[in-house]
Amino acid sequence: MEQVKCLIIGSGPAGYTAAIYAARADLKPVMYEGMQPGGQLTITTEVENFPGYPKGVTGPEMMIEFKEQAMRFGTDVRSGLVTNVDFSKRPFKAEADDGKTILADTVIIATGATAKWLGLESEKKYMGQGVSGCATCDGFFYRGKDVAIVGGGDTAAEEATYLAKLCKKVYMIHRRDALRASKAMQHKVMNTANIEMVWNSVPEEVLGDDGGVTGVRVRNVVTSESRDLDVWGFFVAIGHQPNTDIFRGQVELDEMGYVKTIPGSTKTSVEGVFACGDVQDHYYRQAVTAAGTGCMAAIEAERFLGN
Ligand SMILES: Cc1cc2nc3c(=O)[nH]c(=O)nc-3n(C[C@H](O)[C@H](O)[C@H](O)COP(=O)(O)OP(=O)(O)OC[C@H]3O[C@@H](n4cnc5c(N)ncnc54)[C@H](O)[C@@H]3O)c2cc1C
């Protein structure tokens, strides 16, 4: 069994930023990359809002650079998944699917969240070419154009009103005849002139050509009639699933399954276990905020060990 000072679980912007700081603080971090090396940004094309890239960068390219920077300072990056953890006593114990069991003085959880998708073949086909899971990230590309968004909760309502400020028209597709969002958010949506509700409807197919998305076919679940909406962008806002299954019963989670952290820090309910990035944040969900909390987690781990 090997013992390490700092184990980082997850290789998105949060995990890699934690790794850069932990490695430079001589904690000799070991990182498990998980099922999606590089994290969520590896499924997007252009990233234009991460500081330091004035011309933009593709998600996969940016994550290769994160990795190179973390490895430059000696992070031991391993492919594989952490499958089981025991945080009941220190050193903490983690089992990985490469057969290794690791004892760790500190653990940084950076396992992110997974955006929920509709599961349509055409949604996959046009991913990053008009299909997006993040209005804050990609809304800018559709300034002055017509777009559609699917969802009915608070996030969908927030994202629809955000898009309405940039786009000419926003079709909001929802499978019921009323939104699930809070009353305040419903009010905001209903009072935004360029949002058109498409009630009782589900997307059947994303339409497109070589240039990307050209529309979305929706079916009314009451009448069974289909119609095509001409749009340039299609946003899926049906929720996220935090990747916290292995931490259930080990650290405190909130009612949605996100790791609870002490406000203003990355400390979890277990001393010596820290959480950063989307796994503990359902509000901002940005690469730069994930990276920021990754930095915090490494500094907190280093100070914890120092004490
Ligand atoms: C389509 C799309 C486009 C986006 N575009 C932008 C953008 O332009 N700008 C922006 O700022 N944000 C964007 N985002 C949001 C951004 O990707 C996330 O906020 C950010 O990636 C969160 O980083 P993270 O490190 O917390 O987690 P993630 O990126 O989700 O990474 C989680 C990591 O944990 C690993 N993992 C999970 N479980 C385990 C396990 N058991 N063992 C080991 N590893 C594990 C995964 O393999 C992955 O490497 C976009 C998101 C999507 C879905």
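What the table shows:
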read-out: Qualifying residue in the stretch 162-173 (condition: crowded, with 19+ Cβ neighbours inside 10 Å, of a type in the set (A, V, I, L, M) and within 21 Å of residue 284 (Cα to Cα)); value: yes
read-out: Out of 106, 136, 83, 101, sole residue that is more than 11 Å from the ligand (Cβ to nearest atom), surrounded by fewer than 23 Cβ atoms within 10 Å (Cβ to Cβ) and among the polar types (S, T, N, Q); value: 101
read-out: Subset of the stretch 257-272 that is of a type in the set (D, E, K, R) and surrounded by fewer than 19 Cβ atoms within 10 Å (Cβ to Cβ) - its residue that is farthest from the ligand (Cβ to nearest atom); value: 271
read-out: Of all residues making up the stretch 65-80, the number that are under 20 Å from the mean Cα position of the chain (by Cα) and either near the ligand (Cβ under 9 Å from one of its atoms) or surrounded by 15 or more Cβ atoms within 10 Å (Cβ to Cβ) (or both); value: 3
read-out: Some residue of the stretch 78-88 being within 30 Å of residue 249 (Cα to Cα) and in a helix (DSSP H, G or I); value: no
read-out: Odd one out for residue 186 among (1) under 19 Å from residue 230 (Cβ atoms); (2) out of contact with any Gly (no Cβ under 9 Å at 6 or more places or on another chain); (3) of a type outside the set (Phe, Trp, Tyr); value: (1)
read-out: Residue identified as farther than 17 Å from residue 66 by Cα, within 16 Å of the ligand (Cβ to nearest atom), surrounded by 19 or more Cβ atoms within 10 Å (Cβ to Cβ) and at pLDDT 95 or above among 275, 290; value: 275
read-out: Criterion violated by residue 95 - all others in (1) more than 14 Å from residue 16 (Cα to Cα); (2) surrounded by 13 or more Cβ atoms within 10 Å (Cβ to Cβ); (3) in contact (Cβ under 8 Å) with a residue 24 or more places away in the chain satisfied; value: (3)
read-out: Out of 130, 153, sole residue that is surrounded by 19 or more Cβ atoms within 10 Å (Cβ to Cβ), in contact (Cβ under 8 Å) with a residue 60 or more places away in the chain and not hydroxyl-bearing (Ser, Thr, Tyr); value: 130
read-out: Candidates 136, 111, 161, 106, filtered to the one that is of a type in the set (Val, Ile, Thr), modelled with pLDDT of 95 or more and assigned to a helix (DSSP H, G or I); value: 161
read-out: Cross-chain or 6+ apart pairs with Cβ under 6 Å, the stretch 1-27 first and within 12 Å of residue 39 (Cβ to Cβ), then within 14 Å of the ligand (Cβ to nearest atom) and acidic (Asp, Glu); value: 11/33
read-out: Failed criterion for residue 225 (all others in (1) more than 27 Å from residue 167 (Cβ to Cβ); (2) without any contact (Cβ under 8 Å) to a residue 24 or more places away in the chain; (3) out of contact with any Leu (no Cβ under 9 Å at 6 or more places or on another chain) hold); value: (1)
read-out: Residue in the stretch 45-55 that is polar (S, T, N, Q), more than 7 Å from the ligand (Cβ to nearest atom), buried (at least 24 other Cβ atoms within 10 Å of the Cβ) and outside any strand (DSSP E or B) present; value: no
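The values are calculated or read from the model by the stated rules, or taken from the named source; none is laboratory data. Computed from a predicted structure; not experimentally measured. Methodologically, a virtual Cβ is constructed for each residue, glycine included, from the backbone with ideal geometry; neighbour enumeration extends over all protein chains shown.
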